[in-house]
1. The conditions are (1) more than 22 Å from A:Tyr39 (Cα to Cα); (2) open to solvent by less than 30 Å² (accessible area, probe 1.4 Å), and B:Gln34 fails exactly one of them. Which is it?
2. Which is modelled with pLDDT of 95 or more, more than 14 Å from the chain's Cα centre (by Cα) and either facing another protein chain (nearest Cβ under 10 Å) or open to solvent by 20 Å² or more (accessible area, probe 1.4 Å) (or both), of A:His24, A:His48, A:His34?
3. Looking at (1) within 14 Å of chain A (Cβ to nearest Cβ); (2) part of a helix (DSSP H, G or I), find the lone condition where B:Ile272 falls short.
4. Output the number of the condition that A:Thr62 fails; it satisfies all remaining conditions of (1) over 10 Å from the mean Cα position of the chain (by Cα); (2) of a type in the set (S, T, N, Q); (3) more than 21 Å from B:Pro38 (Cβ to Cβ).
5. All but one of (1) in a helix (DSSP H, G or I); (2) within 14 Å of chain A (Cβ to nearest Cβ); (3) touching a helix residue (DSSP H, G or I) at 6+ places or on another chain (Cβ under 7 Å) hold for B:Gly67, so report the exception by its number.
6. Pairs please, first residue from region B:231-248 and within 9 Å of chain A (Cβ to nearest Cβ), second anywhere and charged (D, E, K, R) and assigned to a helix (DSSP H, G or I), Cβ atoms under 6 Å, 6+ apart in sequence or on different chains.
7. Just checking, how many residues over region A:78-98 are closer than 21 Å to A:Ala46 by Cβ and touching a residue at least 24 places away in the same chain (Cβ under 8 Å)?
8. Every residue in region A:82-104 that is within 10 Å of chain B (Cβ to nearest Cβ), at pLDDT 90 or above and under 23 Å from B:Gly397 (Cβ atoms), please.
Amino acid sequence: MSTLCIAFVIYSATIYTSGTAATHDQRMSDEARHGQQLYQEKNCVACHQFYGLGGYMGPDLTNAISRRGEAVSRAFITAGTASMPNFQLSNDEVTALVEFLRFVDKTGTYPPQDYDVLWTGGVSQEDDPR
Amino acid sequence: MTNDTTHFAGLRFMRLGIAALAAGMLFGVIGGFQFLFPDFLQELLFTKTRPLHVSLVVSWIFLVAIGGIYFYLPRQCNLPLFSAKAANLHFWIFLLTGLAIIGSYLSGRFGGREYFEFHPALSIPIFLTWILFGINYFNTARQDKGPWPVYYWMWGTGIVFFFITYTEAHLWLIPYFRENMVREITVQWKSYGALTGSWNMLVYGTALYLATRISGCEKYARSRLAFGLYFLGLFNLMFGWAHHTYLVPSDTWIRTFAYFVSMTELFIFGKILWDWRASLEDWQKNRHCNAYRFLIAADIWVFVNLGLALLISVPAFNLFTHGTHITVAHAMGSTIGINTMILLASVFYVIREELPSEIHARCSAQIRTGYWIANISLAVFFAALVLAGIGKGAYDGGSFQEMMAGIRPFLFAFSLSGVAMMIGFWIMLWHGFRLLGVVMAPSGVAEPEPA
């Protein structure tokens, strides 16, 4: 039991540090930080995902910026659609959210585009920044 | 029957839990229809119904599991509560915090992350209640000089790990975590995986307790096998979570290790298959018992859900199922089919033990009807989600609206079976709520209120 607990502590510490050290050295701008906060305050996660995690009513937003362009994201966030509410956001707020999405976009690729399935049932991902 | 009413604290938790589930399912059904008709109930946006649904149904799991512990220890295990006052305080803090959270959702004030969308300040009283509960539990259980049966260990483990993982779920408040997206998501799901593991400890502990009581045989709960499975569960709670984040770019070894750990659950799967015949005999023997019937349903749903979980924990399959409704089938299938069935077993076991049989026999037929409606519609619900998930898994990144239109028939089946399931559960919950009220009535066993 105590071995298990010690292993858990060491394992957790590794995950908090080197296990999730980003391979790209991107600092989060104040703008993006504000966008992240708005993303939580408006509960965008009820409908959207990052890396496939979140609600399913809307599309995954991990690479929304690089796949469909910043203008598309800006338009959706500003006006909403039939199935996405219009949150009546100010121009600054929209910019902050777009900035946050741009930040997320650079952290990786989802869904993976270039991968191999191994005989073990594992997957090796070529477009993975790891 | 004694005049000691300290076990009433547990019953209060159970009744509150029942109310939470009844309301939570209603929000779930509304949310389901908003998926199909985005204009449905515009006043109550999906951003509100989703967290209302999730928080209320998760409260049901915790409330009834906690209620059972507060009830069984003093009432049936000869372990008077260390502090009945603390148990009551726990109840009131839980209730008031819950109301504050519901109020904040209704008014559209968020600020947390998925599953805990409320402002993080509201987590402070939640932490407080778990400290209270932990102190009370361990000081109560300590009176049993041991060796403890496995369910005491499971309950204790569930409490300790809830505390650890709920703390972990708040690390995002520190910029070091929140400013690194990969770390933020990885640690978030590490904590959620273990949090589910911790409530499973509470619920499976309850299942083992009930099975022990109903069979009248203590041997299994003290056997090496039971302890072996407990350690396997703990091992998975600690290290198995990363199958949720195979596609998040953290270090590769984290995913490989999680794949290995997840596959150790094959052992449990194999054991269920192995014990098939013996379980069948047990089922036959206890068929007449309402509480046992729920445990049978839970057994079958464990088999189905574990099978699916093992499959989607293989990265090659996960690649296609991740981020689809198959994950929802897994989450809802387990929380409804397994956790909820076990907790209903606990509710009806208390009723069976506390009330003369002529009182609860009167509504047995209705409970049985509710039981079958709930289980059959859950099967349809589960299948519809898997099919919708396959449809979404085949999505190539083209038009999102076209993909959603393609899986619409399945989402329809999902929403309709959700309504049927809610009705089935409501029938059972109503009787559970009412009969627990009778147990608590001042004159001991009072006349039941008219149904």
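1. (1)
2. When all the criteria are applied, what remains is A:His34.
3. (1)
4. Tallying (1) over 10 Å from the mean Cα position of the chain (by Cα); (2) of a type in the set (S, T, N, Q); (3) more than 21 Å from B:Pro38 (Cβ to Cβ), A:Thr62 fails exactly one: (1).
5. It fails just one condition, (2).
6. So the pair list comes out as B:Ala242/B:Arg255; B:Tyr246/B:Arg255.
7. 8
8. Passing the criteria: A:Met84, A:Phe100, A:Phe103, A:Val104.
The values are calculated or read from the model by the stated rules, or taken from the named source; none is laboratory data. Computed from a predicted model, the values in this text were never measured in an experiment. All Cβ positions, glycine included, derive from the backbone under ideal geometry; neighbour counts span all protein chains shown. Calculation scope for accessible area: heavy atoms of the full protein, side chains included, ligands and nucleic acids excluded. Shrake-Rupley method; radii C 1.70, N 1.55, O 1.52, S 1.80 Å.
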